[in-house]
Amino acid sequence: MPINPILFFITAILPYIAIIVLINGLLYRLYKWMSRPKAPASFTIFPASRNIGKAFTKVLGDILYFPRLLREEKTLWLGAWLFHLSLLMVVISHYKVFYSYMWLWENLNVSADIFALISDIFDGATGVIMATSLAFLLGRRFTKFLRKLSIFEDYFALLLILAIAIAGIYIRFISRVNLFGLRRYFLSLAMFTPSNLPTDTGFLVHYLLIMILAIYFPLGKMVHTIGAGITSLLVRLEKR
Amino acid sequence: MTAQKMDLAKELDTRLTRQAFYHFDVCTRCNACSDRCHMYVETEDPIHSPAYKLALLRRVYKRYHTVGGKIAPKLFKAIDLSDKNLKEISSAMFECTRCRRCATHCPFGIDPNWIVSAGRYFSSLSGQAPKTLTAMAKAGVKRAKYIENYEYLYTLQIKTLENELYEITNDPDAEIPIKNPDADLLYVPLAVQYVVNSEKCIGCGLCRKLCPQGAIKGEFKKPSFISQEECIACGTCYKNCRLGAIVVKTPGAQSTIMPAARIFNAADENWSLSLYDAANYNYFLGDIDNAKEVTSYLINEAEELGVKTVVMSESGHGFYIMRHLAQKWFKRNFPFKVKSTAEIMAEYIKEGRLKFDPSKFSKSISYHDPCEVGRNGGIFEEPRFVLNHVAKEFIELAPPNREYNWCCGGGGGLVAETEFKDLRVKTGKRKAQQIKETKAKVIASTCENCRSQLTDLNEKYNLGIKAASLMDLVANTIKKK
C-alpha cells in the first residue's frame, strides 16, 4: 500500500518538528528574558522568608494548589485547579500508551478485569473533569469585563485543549485505538526510523492537535508553565 | 509627530526590565486581581483593573516591538500611541495607589507595581503626567540639591518648633538638634508644603516681597499663588502673613517632627534631625534617576554624621525606598540601619526607655497597615506591640488585615495630588466599611498619606473615628519623668 504523503508528514516528520520547536522555543523564551537588564527593585511581598529553601517550599505550594487564588476567588480556583489536576492525571494515564505496566498490577494481585475497571474510571473522571473545567474557563471569558481583557490567544488556547480532550475521549471510549500498534509506532519514532504509521482518523486528529499545541506552546501565554515559578519566587524570597 | 512617537516606543523598550517581561508573559488574564483592587471594585472602570493596566502597556509594546503586533494589531489587540491611548495609559497608571494588594492575590505573584512605575515614567515623557506631581517632583530635587539656601531658614523654623516644644513638655532640656556630630540616630521628617488659601488672601503682596526664592506670584489685590517648583518651604510667608492665608498643606512639621522630638528626648536618645525630606515624589513619578539623586543626598548626610541608625518618619514610601530600594539602587551596603518609627519605639519599650501612663488613653484602638510599611516593608508586629502598650484595648481591623489589608485609597501620591481628591474619597469606601465593622474609636497608622486619607474618609462617611499617627499617640501617652 503506497503511503499517503500528508499522512507521512503528520506522523513521521511533524512530531520531530514539534518537539524541536517546543524545546528550543522555551529555551529561546528563557534566553529572551535573561538577556534583559534586571531591575534593582525588590519585588518581595511580606511576610517573606530569607531562607531560599523555605521560599522554594512556598513556591512549590503556589504551583501545587494556588493558595493565592484560593483566598478570595473560590470558583475560579476550583475551575483552574481541577483543570490543572486533570492535566496531571492525563500525563499519568498516557503512560500506558508508551509502556505497559500490567506487571505492576499482577504483582499487586489485581485481576485484568478490575484493572480495566479502575483504568476506565480514572480515565473517564479525567476526561469529564477536563472537559467541564475547560468549558467553565471558556465561559468565563465571555463575561463583561473579561471580554475586553481577553485577546484571541486566550480563546484559542482553551479551544485547542478542549478539542484535544474531546478527541482523546473519543479514541479512549468510543472508537478505541489499538495500543499495541501505537507502542510499536512510538518506539520506531524514538529510534528515528518511523514505521507502523497509525491510520486511525480519531487518533490522527488527536495527535495533530497535540503537535499544534506543542508548536504554539512557546509562542504565547503557555510560557506561564516555566515563568510561574520565577515570578512566584520573586515575591516569596526576601533578598538581602 | 510620528518620529516623536517612535522615540517614545523605543524609550518604553529600554525602560522595561527583565521582571517586567516575566509579568508580561506570565499573565494569563485570569482576572483574579480586578476584584481585589479597591479602585476597580468601586468604579468598575477597566482602567483600574491591574490586569488591564498591565495589558495596556503590553499592547503598546506589542504594536511596536513584535512581529505579530506589527502585522495584525487587531488580532493581538495591539494599540498604537495615539493621543487617546496615551491619555488612557496615563490615567490608568496615575490613578493607581501602588498598594500591591492585587499581587497578594495573583496566582503567579505578578506585581503590577513595577509596570505602573515604568508606565508612569513613560506617561510623564509623553507629557501626560499630573501637573502637581511633576511640580512637586521637580521641587523635591531642587530642595535636596540646593540645601545650603534652605538650611538657614529651616533652622529658624526648627527653633520656633523648639519653643513650642518647651511649652508642651515643660522640659528645659528639650531640644531638636540639627547636624549633631555625636548623633547615633538620624531622624528624617516630612517637609511641609505651603499653599495660599485664595479665600483669605487679599493680595497685599507682602509675602511676594519677602519670599527669598521669588516663588510667590500674583498681582496686587488678587490672590497670590505659590509656584511649587520654586518653593523651598522655608516658612517665611507663613510666619509673616497677618491674615493666616498661607496654609500648611501637609502638616509635616507638626505631625512628624514634634512627636518625634518628644519621644527621642523622653528616651534620652542622642539624635539629630535631618535637613532632607522623607518624601520622594520622583519615586511616585517613576523617575528613578531623580529619585536616586534625592536619596543620595540623604545617604551622604547620614554617612557624614556617622550615625548608626536612620529612622524614616511616618512616610510609607520614604521608608520603603530607604529600607528596601536604596541599597539595591546604589549596589552597596550602608554603614547604618534603616528603621521605621514603629520599630524604634518598640525597641525603646523593650529596653524600658519609654514608660506609659495607661490612664491617658482609654479609647479602643485599631491599626491600619499602610501598604508601603506592611505588605511592602515587612513591619507587622512592631506597631501592634507598641499599641498594646499604649492603649487599654487594641482591636485588629476587621479582616482582611495585615498583608491582605485594603489600601486606604490615598497611596501612590494620590493624597498629595489635589485633582484626585474625589476619586480617592470615592474609592476609599471599602476601607470605610472595614473601619465601621471594626468599631474602634481611633485608627492608628504609620503613614502620613494614610492618616490624611483616613481623616478625609471619616468626614465623608461619618465614621466617628479619629485617624492618628502612631508617633502622636505614643508622644501623648508617655509618662513624664
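Tell me, yes or no, whether region B:121-142 has at least one residue that is touching a Lys or Arg at 6+ places or on another chain (Cβ under 9 Å) and within 14 Å of chain A (Cβ to nearest Cβ). Yes, the conditions are met somewhere in region B:121-142.
Going through region B:89-105 one residue at a time, which ones are at the interface with chain A (Cβ under 7 Å from one of its Cβ atoms) and at positive phi? Within region B:89-105, just B:ARG100 meets the criteria. Here A:ALA18, A:ALA80, A:ALA41, A:ALA12 are screened, and the one residue that is crowded, with 16+ Cβ neighbours inside 10 Å and within 30 Å of B:ILE321 (Cα to Cα) is A:ALA41. Scanning region A:36-82 for residues that are part of a loop (DSSP other than H, G, I, E, B) and either small (Gly, Ala, Ser) or more than 30 Å from B:ILE288 (Cα to Cα) (or both) yields A:ALA39, A:ALA41, A:SER42, A:ALA48, A:PHE66, A:GLU73.
Given the condition touching a His at 6+ places or on another chain (Cβ under 7 Å), buried (at least 23 other Cβ atoms within 10 Å of the Cβ) and among the hydrophobic types (A, V, I, L, M, F, W, C), answer yes or no: does some residue in region B:411-420 qualify?
Initial filter on region B:411-420 (touching a His at 6+ places or on another chain (Cβ under 7 Å)): none.
No: zero hits.
Taking into account only those residues within region B:427-481 that are of a type outside the set (A, V, I, L, M, F, W, C) and in a strand (DSSP E or B), which is surrounded by the fewest Cβ atoms within 10 Å (Cβ to Cβ)? The selected residue is B:LYS466.
Restricting to helices (runs of 4 or more DSSP H) lying wholly in region B:106-204: which have 2 or more residues that are on the phi < 0 side of the Ramachandran plot and among the aromatic types (Phe, Trp, Tyr)?
On the way: elements: B:112-125, B:131-145, B:147-169.
Of the helices (runs of 4 or more DSSP H) lying wholly inside region B:106-204, those with at least 2 residues that are on the phi < 0 side of the Ramachandran plot and among the aromatic types (Phe, Trp, Tyr) span B:112-125, B:147-169.
Counting the residues of region B:411-429 that are out of contact with any Leu (no Cβ under 8 Å at 6 or more places or on another chain) and either in contact (Cβ under 8 Å) with a residue 40 or more places away in the chain or closer than 23 Å to B:ASN280 by Cα (or both) gives 9.
Let's see how each residue does on (1) under 24 Å from B:VAL311 (Cβ atoms); (2) within 14 Å of chain A (Cβ to nearest Cβ):
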| position | (1), (2) |
| --- | --- |
| B:LYS350 | yes, no |
| B:LEU354 | yes, no |
| B:GLU381 | yes, yes |
| B:LEU387 | yes, no |
| B:ILE395 | no, no |
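Of all residues in region B:29-64, those satisfying the criterion of being crowded, with 23+ Cβ neighbours inside 10 Å, assigned to a loop (DSSP other than H, G, I, E, B) and within 9 Å of chain A (Cβ to nearest Cβ) are B:CYS30, B:ALA32, B:SER49. Contact map, region A:135-154: residues that are more than 8 Å from every other protein chain (Cβ to nearest Cβ) paired with residues that are among the polar types (S, T, N, Q), Cβ distance under 7 Å, separation 6+ or inter-chain. Pairs shown: A:ARG141/A:SER150.
Matching residues to (1) surrounded by fewer than 22 Cβ atoms within 10 Å (Cβ to Cβ); (2) modelled with pLDDT of 90 or more:
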residue: B:VAL307; (1), (2): no, yes
residue: B:SER313; (1), (2): no, no
residue: B:PHE334; (1), (2): yes, yes
residue: B:THR341; (1), (2): no, yes
residue: B:LYS350; (1), (2): yes, yes
residue: B:LYS360; (1), (2): yes, no
residue: B:SER364; (1), (2): yes, no
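Here A:GLY168, A:GLY124 are screened, and the one residue that is touching a His at 6+ places or on another chain (Cβ under 6 Å) and in contact (Cβ under 8 Å) with a residue 40 or more places away in the chain is A:GLY168. When region B:187-227 is filtered for residues that are surrounded by fewer than 19 Cβ atoms within 10 Å (Cβ to Cβ) and aliphatic (A, V, I, L, M), the ones remaining, listed by number, are B:VAL195, B:ILE202, B:LEU206, B:LEU210. No other residue among A:ILE171, A:ILE114 is farther than 30 Å from B:CYS27 by Cβ, modelled with pLDDT under 90, part of a helix (DSSP H, G or I) and of a type in the set (Val, Ile, Thr) apart from A:ILE114. With respect to the stated conditions, A:LEU179 fails to be in contact with a helix residue (DSSP H, G or I) (Cβ under 7 Å, 6 or more places away or on another chain) and within 14 Å of chain B (Cβ to nearest Cβ). As a summary of the residue check, A:LEU197 satisfies the conditions (1) more than 14 Å from chain B (Cβ to nearest Cβ); (2) over 24 Å from A:TYR99 (Cβ atoms); (3) aliphatic (A, V, I, L, M) except for the one numbered (2).
Residue-wise test of (1) farther than 18 Å from A:LEU233 by Cα; (2) within 7 Å of chain B (Cβ to nearest Cβ); (3) in contact (Cβ under 8 Å) with a residue 24 or more places away in the chain; (4) surrounded by fewer than 17 Cβ atoms within 10 Å (Cβ to Cβ).
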residue: A:ILE52; (1), (2), (3), (4): no, no, yes, yes
residue: A:LEU70; (1), (2), (3), (4): yes, no, no, yes
residue: A:LEU76; (1), (2), (3), (4): yes, yes, yes, no
residue: A:VAL91; (1), (2), (3), (4): yes, no, no, yes
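The values are calculated or read from the model by the stated rules, or taken from the named source; none is laboratory data. Here the structure is a predicted model, which is why all the values come from computation and not from measurement. Note: ideal-geometry Cβ built from the backbone for every residue, glycine included; neighbour counts use all protein chains shown.
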